[in-house]
Amino acid sequence: MEVVILDEPAALAALAADAIGALLRDRPDAVLGLATGSSPLAVYDELAARFERGELSFAAARGFTLDEYVGLPADHPERYRTVIDRDLVSRVDFGPGAVSGPDGSASDIPEACAAYDRAIATAGGVDLQILGIGTDGHIAFNEPGSSFASRTRIKTLTRQTRLDNARFFDGNVDAVPTHCLTQGLGTIMEARHIVLLATGTAKAEAVHQLVEGPVSALWPATILQHHRHVTVLLDEAAASRLQLGQYYRETYAGKPDWQGI
Ligand code: GLP
């Protein structure tokens, strides 16, 4: 696991965008794992800017989102399928139907979840997965207690996650759905490169657990310690509880330029 601590949000976003740009140059039909939430927004802004300047193209790429609320109407602005369209897909040149997400309004939820895992596998698996992290250590919507082997499935959101996400529902926690569909931890672990972004002190404890805590279902993101290629991009606030923060800073400062993330 590589930990990069930089105090410029734009510099963190540029690193993630560099990795995506390099992947797309190498494999124009790469499969991207796309996260919603506020953490990846600066990355999506940077990707949109690079696309505008003609520096990269998503025309042959495909994308899979991580998760979806259950029960939001198709035209709800906070449906994750709508959010990712707004934040990234509509701003670049993905082909029609190239980006998909779990179907939170399916009548047969288990089949919709299994079909989603099959679709990711049929596409060849995710090459680069963008991730955020919840204050309770969830990734995607894998709440504490999630099985490390889990596949895409329905989950119940914790009260904490619903409180955290109430800001997208006019501050009304009761308007936040109670259930979601989410890629499982086992699904996410199959991505070939995982780039997790976290900023702000609210994430500091979850980040400490992710990087330095014991691997435990109580902090689901800790499973990433078992992944062979994870990059954790942090601002100083999110890094403020790291025990070995100075070591991570020195390591990154001394890294050869050719290495990339
Ligand atoms: C949400 C999403 C996650 C996201 C996390 C953090 O509940 N399901 O994919 O990573 O919470 O969100 P944010 O980046 O807005 O803090």
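Nothing in this text is a laboratory measurement; each read-out follows from the coordinates by a stated rule. These numbers come from a predicted model, not from an experiment. We place every Cβ from the backbone using ideal geometry, glycine too, and count neighbours over all the protein chains shown.
For the chain, with only Lys/Arg (+1) and Asp/Glu (-1) charged at the beta-carbon, what is the dipole magnitude about the Cα centre, in debye rounded to 20?
420
Antiparallel DSSP bridges in region 2-253: what percent, to the nearest 5? Please report the intermediate quantities before stating the final value.
On the way: 9 of 30 bridges.
Counting DSSP beta bridges with both partners in region 2-253, the antiparallel share is about 30 percent.
What number comes out for the charge environment of residue 13, summing +1 per Lys or Arg and -1 per Asp or Glu over other residues with Cβ under 12 Å away? Provide the component values of the computation, followed by the final result.
Numbers: positive: 50; negative: 8, 18, 45, 46, 235.
In short, -4.
Kirkwood hydrodynamic radius (Cα pairs, Å) of the chain? Could the numbers behind the result be given before it?
Details: mean 1/r = 0.0542 Å⁻¹.
Radius from the Kirkwood sum: 18.4 Å.
Under the 0.36 nm per residue contour assumption, what length would be gained going from the current alpha-carbon distance of residue 41 and residue 115 to full extension? Numbers along the way, then the final one.
Working: separation 74, 0.36 × 74 = 26.64 nm, distance 2.80 nm.
Fully extending the segment from residue 41 to residue 115 adds 23.8 nm.
If you take the beta carbon distance between residue 18 and residue 201 as r and set R0 to 25 Å, what does 1/(1 + (r/R0)^6) give as a FRET efficiency, to the nearest 0.05? Kindly include the intermediate steps, with their values, before the conclusion.
Numbers: r = 27 Å, r/R0 = 1.06.
Given R0 = 25 Å and the Cβ-Cβ separation, E is 0.40.
Under the definition of Cα pairs under 8 Å and six or more residues apart, what whole-number percent is the relative contact order of the chain? Let's see the in-between values first.
Details: 527 pairs, mean separation 63.9, N = 261.
About 24 percent, as a whole number.
Just to check I understand the Karplus step: with θ = phi - 60° and J = 6.51 cos²θ - 1.76 cosθ + 1.60, what whole-Hz values come out for region 240-254, glycine and proline as x?
In residue order, the calculated couplings are 5, 9, 6, 6, 10, x, 5, 4, 5, 5, 5, 4, 5, 4, x Hz.
For the chain, what does the helix formula give at 222 nm: sum of -39500 (n - 2.57) over DSSP H segments with n ≥ 4, over the residue count, nearest 500 deg cm²/dmol? Mind showing how you got there, number by number?
Values: 8 runs with 81 residues, N = 261.
My calculation for the chain gives -9000 deg cm²/dmol from helical runs alone.
For region 2-253, build the charge dipole from Cβ charges (+1 Lys, Arg; -1 Asp, Glu) around the Cα centre, then report which of 112, 178, 47 sits farthest towards its positive end.
112
Can you work out ³J(HN,Hα) from phi for every residue in region 21-28, in order, using Karplus 6.51 cos²θ - 1.76 cosθ + 1.60 and θ = phi - 60°, giving whole Hz and x for Gly and Pro?
Once θ is set to phi - 60°, the couplings for region 21-28 become x, 5, 4, 5, 5, 6, 9, x Hz.
If you take the charge dipole of region 2-253 about its Cα centre, with +1 on Lys and Arg Cβ and -1 on Asp and Glu Cβ, which of 156, 252, 234 is farthest toward its positive end?
Checked the options; the winner is 156.
What's the longest piece of the chain with no exposed trypsin sites (Lys or Arg not before Pro), counting a site as exposed if DSSP puts it in a loop and it has at most 13 other beta carbons within 10 Å? Mind showing how you got there, number by number?
Details: sites that count: 53, 228.
Excluding the exposed sites themselves, the longest stretch runs over 54-227.
Hey, with R₀ at 45 Å, roughly what FRET efficiency would residue 60 and residue 108 work out to, going by the Cβ-Cβ distance, to 0.05?
Numbers: r = 31 Å, r/R0 = 0.70.
Step by step, r from the Cβ atoms, then E = 0.90.
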